[in-house]
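Please treat every number below as a calculation from the coordinates, not as lab data. Keep in mind that what you see is a predicted model, and the values were worked out from it rather than measured. Ideal geometry is used to build each Cβ from the backbone, glycine not excepted, and the neighbour counts take in all protein chains shown.
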Amino acid sequence: MIVPGSTSQSLAASLAERIGKPLTPASYERFPDGEQIVSVPRFESDHAIVIAATLDDSSWVELLQLQDAVREAGATTITTVLPYMGYARQDEAFKSGQPVSARAMAQAISTGTDRVVVVNPHEQTITDFFTVPVAVADASEMLADPLPRLTEPLFLAPDSSATTLAEEIRDAYGDGTADHCEKHRNRETGAVDVTPAETSVTGRDVVLVDDIIATGSTMSKTISALNGANRIFALTIHPLLVGNALTKLKRAGVSQVVGTDTVECAVSDVTVAAAVERTL
Ligand code: R5P
């Protein structure tokens, strides 16, 4: 039995089709004081897969409620799938007195499940924060699928932390070179500076690769540094696309933005269902 949160309806349907398990539709309401409440109908299965991207605080509450509700509805074991795990970028206390939010969230989830699956977490180390077994679903290579035929392709990461992702997508595409730029983010203002890679981009199709596009600052600054490139593609696992991010990318000159359904939005052209299936 698969029980989707409101943020992951489409991915849950793709997964249900792949693994041949039924979907149970939860319902979502709010009390007059604003508190939310989910309801899950009783079901004839002792195992439940709860799948929900935690995009904001409301979806975090919803996920914790879903985990509890499926036990009430009859599940004796639960696998919780986190297509996108919010707060995972807060994987350390950045200033004295601040929390390690990723740890707090992982511990909260662990109390309501027997197992966790996380799709491409920002840092692998956050899996240590869970107190139940964790599997990582890797959807990297699927991002190459929608790419058209490319001219002298360069797979480029905005910083060294996304280099492996760029190389994996290059390998899946089957042609081209990979490199990375250098990124500096001012932690006070959030402003991003990008120093271009030394590899020439002149006349080449450049495929920018990052695990997350949030405000779009990293990608748009990187695009601005690609003088002379032919077409520019922006690929990401988690297309958060906060606020005007897509507009920033378009204005910077991107030809196409491709993301997955870990965050369901207009550029979620790739489903990670097969990657999740491999972990179940
Ligand atoms: C950070 O290390 C991540 O890999 C992404 O580069 C970052 O989350 C992108 O954020 P934004 O789109 O706001 O620049």
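Over all other residues within a Cβ to Cβ distance under 13 Å of Gln67, the charged ones net out to -2, with Lys and Arg as +1 and Asp and Glu as -1. Remark: relative contact order (region 2-138) = 19 percent; criterion is Cα-Cα distance under 8 angstrom and separation of 6 or more residues. In a reduced charge model with +1 at each Lys and Arg Cβ and -1 at each Asp and Glu Cβ, region 141-261 shows a dipole moment near 640 debye about its Cα centre. When Val201, Val272 are arranged by Cβ crowding within 10 Å, least crowded first, meaning fewest neighbours, the order is Val201, Val272.
Reachable lysines from Lys250, Cα under 25 Å, same-chain residues fewer than 8 places away excluded? Hits, sequence-local ones excluded: Lys183, Lys221.
Farthest towards the positive end of the charge dipole of the chain, among the residues Leu280, Met219, Thr163, is the Cα of Met219, using unit charges on the Cβ of Lys, Arg, Asp and Glu. Largest first, the three principal axis extents of the alpha carbons in region 11-84 are 39, 26, 17 Å in whole numbers.
The ranking of Thr202, Thr222, Thr271 from fewest to most other beta carbons within 10 Å of each one's beta carbon is Thr202, Thr271, Thr222. Along the Cα-to-Cβ line of His47, 7 Å from the Cα, sits a label point; which residues in region 101-141 have backbone N less than 17 Å from it? Backbone N within reach: 113-118, 133-137. Taking the helices alone, the chain has a mean residue ellipticity at 222 nm of -7000 deg cm²/dmol, built from -39,500 (n - 2.57) per DSSP H run of at least 4 residues and averaged over all its residues. Convex hull of alpha carbon positions in region 196-254: directionally averaged projected area 3.5 nm². Net charge of the neighbourhood of Thr80, taken over other residues with C-beta under 13 Å away and scored Lys/Arg +1, Asp/Glu -1, is -1. Kirkwood hydrodynamic radius computed over region 141-261 comes to 14.0 Å, based on all pairs of distinct alpha carbons. When every Cα-Cα distance of region 2-138 is counted in 5 angstrom steps from zero, the calculated P(r) takes the values 2, 10, 20, 23, 20, 13, 7, 3, 1, 0 percent. Shown here for region 135-225: GluC sites (Glu not before Pro) in loop regions (DSSP other than H, G, I, E, B) with at most 14 other Cβ atoms within 10 Å, namely Glu188, Glu198. Extent along the principal axes, Cα only, for the chain: 60, 46, 35 Å, with the longest axis given first. Comparing Pro4, Ile109, His238 along the charge dipole axis of the chain, the residue lying farthest to the positive side is His238, per the Cβ-charge model.
With the simple model of a label 7 Å out from the Cα in the direction of the Cβ, Asp138 to Arg231 spans 2.8 nm. Among Leu154, Leu240, sorting on how many other beta-carbon atoms sit within 10 Å of each Cβ, with the fewest leading, yields Leu240, Leu154. Averaging 1/r over every pair of different alpha carbons in region 111-196 and inverting the result gives a Kirkwood radius of 15.3 Å. Residues of region 177-205 with an amide N closer than 11 Å to a point placed 7 Å from the Cα of Phe94 along the Cα-to-Cβ direction: 185-191. Look at where the Cα atoms of region 7-46 and of region 52-101 average out, and the two centres are 15 Å apart.
What number comes out for the charge environment of Arg115, summing +1 per Lys or Arg and -1 per Asp or Glu over other residues with Cβ under 15 Å away?
-1
Would you mind calculating the relative contact order of the chain from Cα pairs under 8 angstrom and at least 6 residues apart, reporting the percent as a whole number? Relative CO of the chain lands at 15 percent.
Placing a label point 7 Å from the Cα of Ser58 along the Cα-to-Cβ direction, the residues of region 3-33 whose backbone N falls under 18 Å of that point are 4-10, 26-33.
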